[in-house]
Amino acid sequence: MKASNKDYQTAKVVTPRERFINIVVFILLLLLAVCMVFPLIYMVATSFMTKNQILSGSLTLFPDPILLGKYSEVLKKANFISGIINTIKVEIPVLLIGGFTSSLAAFAFAKMNFRGKNMLFLALLATIMIPFAVVMIPQYVLFSKLGWTNSLLPLIIPGCFGNVGMIFFLRQNLYSIPSDLMDAAKLDGCNYFTTYLRVFLPLMKGALGTQLMLWFMGIWNDYLAPTIFLRSESTWTLQVVIRSFNSYYAIQSDYALIMAASVIAMIPTLLLFFVFQRVIIESIAISGIK
């Protein structure tokens, strides 16, 4: 017993070379983290600066004096509030309907057997490699003929048919659930949809919730599609409103207001990520096992 403990302690000894490498790696990661976080910190600091401080050319993270009125000024802008409302109008139906259709498709690909299942899934997965820049013109032509442009429908209807990335991750998650539950449900007289609804949907609610949060962040920060399909100011989503702020107030050198609007727009996604960071990472790790 003593010999085994001694061997265990010997195995745990870190050599000076390994300790040096760990220190170097830690310093490099710390520098990279600072480089990644610094623009965010400077954006928040700029939102509290006066125009003279911003244009002075000196780099500072501690405004003096501190300007507090830009946040209230942003919230008083009618188009900023309407931008938040329009974004929520897109979020709710896409997440509810699209989350349902994505989980249903994932269940079919993971637990049902039908001809051409694997080929169909590979074809669906291949669409991830097609960038939006390739399909945006055909989509714009199609939505123009349908009369959907200058409305929120081009942002809502495609999302209601599901998200390929979500289907993939939920399918991987369902593979970790025993298929014997399918046979047990059949013995109880359940059809496929009832089996999905009563057995597998509750079991994958953690992974589904994580993917919905990631999708929420993607829709909240979406800029290109709303810019293409939305013309009227009354239909602009949040990111398009911030772009209009940048076009209008940058001429007046009112960068503090632009930064304040950006900080407010960033708060929901930051809160979601920090609150559910562990769940998001665990879900992605589990989904990538197989």
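Where a number appears in this text, it was derived from the coordinates with a stated rule and is not lab data. Keep in mind that this is a model prediction, so the values were computed, not measured. Methodologically, a virtual Cβ is constructed for each residue, glycine included, from the backbone with ideal geometry; neighbour enumeration extends over all protein chains shown.
Numbers at a glance
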{"read-out": "Positive-pole candidate from A256, M43, V25, dipole of the chain, charges at beta carbon", "value": "V25"}
{"read-out": "Charge-dipole axis of segment 71-287 as Lys and Arg at +1 and Asp and Glu at -1 on Cβ define it, positive-most pick from N118, I97, Y140", "value": "N118"}
{"read-out": "Total lysine pairs under 25 Å (Cα atoms) in the chain, excluding pairs fewer than 8 apart on one chain", "value": "16"}
{"read-out": "Lys/Arg +1, Asp/Glu -1 at C-beta; the chain dipole; positive extreme among T60, A108, S247", "value": "A108"}
{"read-out": "Charged-residue dipole, Cβ positions (Lys, Arg, Asp, Glu), segment 99-199 about Cα centre, Debye nearest 20", "value": "180"}
{"read-out": "Peptides ranked, highest mean first, by Cβ atoms within 10 Å: ranges 80-87, 193-200, 115-122", "value": "80-87, 193-200, 115-122"}
{"read-out": "Per-residue HN-Hα couplings for segment 163-178 [Karplus 6.51, -1.76, 1.60; θ = phi - 60°; Hz; x = Gly/Pro]", "value": "10, 4, x, 5, 4, 4, 5, 5, 4, 4, 5, 5, 5, 7, 9, x"}
{"read-out": "Cβ crowding within 10 Å averaged over residues, with 215-222, 72-79, 184-191, 166-173 ranked highest first", "value": "166-173, 215-222, 72-79, 184-191"}
{"read-out": "Point-charge dipole on Cβ atoms (K/R +1, D/E -1) for the chain, about Cα centre, debye to 20", "value": "500"}
{"read-out": "Within segment 85-109: backbone nitrogen closer than 19 Å to the K186 label point (7 Å, Cα to C-beta)", "value": "107-109"}
